1. What percent of all Cα-Cα pairs in the chain falls into each 5 Å bin, going from 0 up to the bin containing the maximum distance?
2. Kindly count the pairs of lysines across the range 203-281 whose alpha carbons are less than 27 Å apart, treating pairs on different chains or eight or more residues apart as eligible.
3. Find how many whole Å separate the alpha carbon centroid of the range 199-241 from the alpha carbon centroid of the range 92-165.
4. What angle, in degrees between 0 and 90 and rounded to the nearest 10, separates the Cα long axis of helix 18-32 from the longest principal axis of the Cα atoms of the chain?
5. Can you pull out the GluC sites (Glu not before Pro) in the range 139-236 that DSSP calls coil and that have at most 15 other Cβ atoms within 10 Å?
6. Cross-link candidates for residue 86: which aspartates and glutamates have Cα within less than 13 Å, leaving aside residues fewer than 8 places away along the same chain?
7. Grab the DSSP H runs of the chain that are 4 residues or longer, score each as -39,500 (n - 2.57), total them, divide by all residues and round the 222 nm result to the nearest 500 deg cm²/dmol.
8. So what is the diffusion coefficient of the range 225-281 in µm² per second by Stokes-Einstein at 25 °C and 0.890 mPa s, using a Kirkwood Rh over Cα pairs?
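Each value in this text was obtained by applying a stated rule to the coordinates, not by laboratory testing. Because the structure is a prediction, the values reported are computed rather than measured. Heads up, the Cβs are rebuilt from the backbone with ideal geometry, glycines too, and the neighbour counts pull from every protein chain shown.
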Amino acid sequence: MSTSYTASAGYIGGTAAPFIEEMSEITHHMWSLGWDELNGGNISYLLDEAEVAKYIDIREAQRVINLTFPVTELAGKYFIVTGSGKYFRNVIKDPEANLGVLRVSASGESVEVLWGLRNGAVPTSELASHFMSHIERLKVDSTHRIVLHTHATNVIAMTFTHDLNELQFTKTLWEMCTECLVVFPDGVGVIPWMVPGSSDIGRATADKMKDYRVVVWPQHGIFVTGATMDATFGLVETIEKAAIVYNLIGGREIKQKITDRQLADLAQAFRVTPKAGILEV
Ligand code: 2HA
Ligand code: ZN
């Protein structure tokens with residue numbers, strides 16, 4: 001793994017910051033899966049002040065970037081984010097150019113860059129969706145930390161051929177692999193197609209995040225949230241796996257499937273509560 005950032009501006013730790021390592025590893029992995037072509041995808045990760053302060057000089061901001069959407073709820077919070085226009089493929093080679101550690105200002109109207117985003121780079125173009133989603137997920141889950149957006153190939157394909165009703169979309173995913181219901185009993189939200197990068201899509205996504213950890217953007221990708229990188233990534237890969245199976249089946253005749261009764265038995269055995277209004281038992 002690259003350690004080029006250890007000598008970089010703002011960096012005080014002698015060893016690699018675990019959160020930079022985690023971001024470098026996961027972006028590389030996601031790029032290898034083909035989900036994050038070009039500058040596709042973005043991640044934001046809420047960090048503890050004490051953890052950041054071990055590695056990064058938090059006393060002095062290197063730059064301040066104004067936000068077009070105030071996030072007073074996140075005032076004083078620290079995040080590591082991917083940079084706008086940056087390629088996941090390149091993060092592992094040069095984390096300092098492609099990632100940034102930010103602190104939301106006391107007013108919630110700007111972010112202070114504490115490390116990274118070298119040469120005037122700015123945070124992800126989807127920062128509105130990320131920050132607004134963090135706000136909603138933290139309201140319902142105090143352990144929430146990560147928002148991850150990726151262009152998961154088969155999920156995108158599925159949004160062309162499947163109905164976009166989120167209850168039907170969820171049910172189909174549950175039916176594709178036995179473990180799906182256990183991994184996301186709360187289902188997936190779906191918003192209509194919208195122009196990316198805007199506060200509007202941020203608000204629509206965050207609105208769904210009140211009820212869902214996952215929001216599908218038709219013909220674009222997926223937003224997934226969680227408490228750890230493992231849990232968040234595991235959720236995307238499980239959903240993508242279900243979408244792969246759906247696409248492999250294509251329009252072919254289905255001779256047998258998991259019934260609603262079996263899905264209900266599964267939920268009972270694994271002590272999860274399936275989202276209401278989906279199973280007919
Ligand atoms: O720029 O994925 O949605 C990266 C994106 C935008
Ligand atoms: Zn995208």
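1. 1, 6, 13, 17, 18, 16, 11, 8, 6, 3, 2, 1, 0
2. Close lysine pairs found across the range 203-281: 9.
3. 11 Å
4. It is inclined by approximately 50 degrees.
5. Sparse-neighbourhood loop GluC sites (Glu not before Pro): 179.
6. In chain and number order, the partners are 36, 37, 94, 96, 126.
7. When only DSSP H runs of four or more count, the value is -11000 deg cm²/dmol.
8. Rounded, D is 179 µm²/s.
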